[in-house]
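Down below is the structure, laid out as structure tokens.
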Ligand SMILES: [Zn+2]
């Protein structure tokens, strides 16, 4: 039997526990996509080259953290209520 514990307070829960909830936290950069016209794509600017150079040297996990992350948590009913009242504190 798979046992779960609340990722917020640590209380034990069962797999089919009606008081076990899943919280998904999606974090991504607010800036929109970059439009590149054909000219820019064919002859990248120095700024774009610098970005590519920095990405080549960067830690892939850090790059991912800066662009998109989806996190999943199991929480108990009490913590679900608390999160709904104050999702960000
Ligand atoms: Zn909890």
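Each value in this text was obtained by applying a stated rule to the coordinates, not by laboratory testing. Computed from a predicted structure; not experimentally measured. For neighbour counting, all protein chains shown are included, and Cβ atoms are generated from backbone atoms with ideal geometry for every residue, glycine included.
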Item to check | In segment 38-71, residue farthest from the ligand (Cβ to nearest atom) [restricted to those that are within 24 Å of residue 23 (Cα to Cα) and surrounded by 10 or more Cβ atoms within 10 Å (Cβ to Cβ)] | outcome: 63
Item to check | Every residue from segment 72-89 that is away from the ligand (no atom under 13 Å from the Cβ) and either surrounded by 15 or more Cβ atoms within 10 Å (Cβ to Cβ) or part of a strand (DSSP E or B) (or both) | outcome: 72
